[in-house]
1. Amide H to amide H, which residues 5 or more places from Tyr58 or on other chains are under 5 Å from it, using H placed in the peptide plane?
2. May I ask you to derive the relative contact order of the range 16-139, considering only C-alpha pairs under 8 Å and at least 6 residues apart, and to give it as an integer percent?
3. What net charge do the residues around Tyr256 carry, taking every other residue with its C-beta under 11 Å from that of Tyr256, with Lys and Arg at +1 and Asp and Glu at -1?
4. Could you tell me, in Å, what Rg and Dmax come out for the Cα atoms of the range 117-244?
5. Please report, in whole Å, how far the alpha carbons of the range 1-115 spread along each principal axis, starting with the longest.
6. Kyte-Doolittle mean at least -1.0 and Cα extent at least 20 Å along the axis: which DSSP H helices of the chain qualify?
7. State the label only: which of (i) 0.96; (ii) 0.93; (iii) 1.15 corresponds to Rg/Rh (Cα atoms, Kirkwood Rh) computed from the shown model?
8. Within straight cross-link reach of Lys101, meaning Cα distance under 25 Å, which lysines are found once same-chain residues fewer than 8 apart are removed?
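The values are calculated or read from the model by the stated rules, or taken from the named source; none is laboratory data. All values reported here derive from a predicted model rather than from experimental measurement. Here Cβ is always computed from backbone atoms with ideal geometry, including for glycine, and neighbour counts include all displayed protein chains. Please note that ligands, DNA and RNA were not included when accessible areas were found on the heavy atoms of the full protein model with its side chains. Shrake-Rupley method; radii C 1.70, N 1.55, O 1.52, S 1.80 Å.
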Amino acid sequence: MTKVRNLEEDDLDFAKSLTDVEEWGNSIEDWKRLLRISIPLVAYKGDELLGVTTAFDYGILGMIGNVVVSENSRGKGVGQALVKEAMNRLESCKTVRLHSKMDVVSFYKDLGFFPEGMSTFFRLDGDMKSFQPFVIGSDVNIVPAEGYLDEILEMDKRQFVGDRSKFIKDLNSHLPECSFVALGEDGSVKGFILAKGEDNWYEVGPWIVEPGCKNWQGLLQASVQAMPNNSTVELVVPAPNHRVTSLLDSMSYSAYEYSVSMFYGEDWPDEGNICARGGGDKG
């Protein structure tokens, strides 16, 4: 019988091996971060580890990500056991969100999730990074995020409703050189961008801008330029944000995969302010 328990540090190599198969880019550092900021779970039977997932409790908002089962354990109810336990851990949340790969949407529907939109995965190959054709009038309103953490947390909460402060603080401290804000004429924060990654692979997000944010493109330029040359850069962009997809298309980013946004419980606010998602919410 499949059982589910908290994932522990000794299980991280197993978790990474599963996400490596999916080519999600999760490093050991990513999994250590998930161990700190999420509710990581592992399915097992006897001494055999079968699959993993991560649940994120942000109060009113819950998220589930990294749902992956070892190849020889699929079709045996392991994924269902993991998601059901994650939902149990998030039972106090009014809405639970996840992002499903296209070929497993029916799996989540059977568990009570409703589809509501798509996201596009974009990638900039390392050999193209130094040739980004940014053309912006000025970047004077794009400044390092240091000193603006409270404003970033307030903006993130306005967008996501839940309290994601632990997640945001962890990302910001992980790669501060890639964290920037866009300031309005009155000096208020109108947008921010964070990133994670190491070696030659990076993921941009969250990247959030509010109405009236000038030079929102400059946030991406500043963050990506702070990454090492020859690095592969990835973003997950909600489908409603056509201005971002158009920008990336013009800059040699390639769309390589799609996912479906799904929710359980209450519906979700508009995602028009989200230029790119970030974090461990792949599924």
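1. Sorted by chain and number, the residues that satisfy this are Met63.
2. Working: 135 pairs, mean separation 21.5, N = 124.
Over the range 16-139, the number comes to 17 percent.
3. Values: positive: Arg123; negative: Glu23, Asp125, Glu234, Glu257.
Within the 11 Å Cβ shell, the charges total -3.
4. So, for the range 117-244, Rg and Dmax equal 14.0, 39 Å respectively.
5. Over the range 1-115, Cα extents along the principal axes are 33, 30, 27 Å.
6. Details: long enough: none.
The answer is none, since no helix passes both cut-offs.
7. Recomputing Rg/Rh (Cα atoms, Kirkwood Rh) here picks out (i).
8. Here the lysines satisfying the reach criterion relative to Lys101 are Lys3, Lys16, Lys32, Lys76, Lys84, Lys109, Lys196, Lys282.
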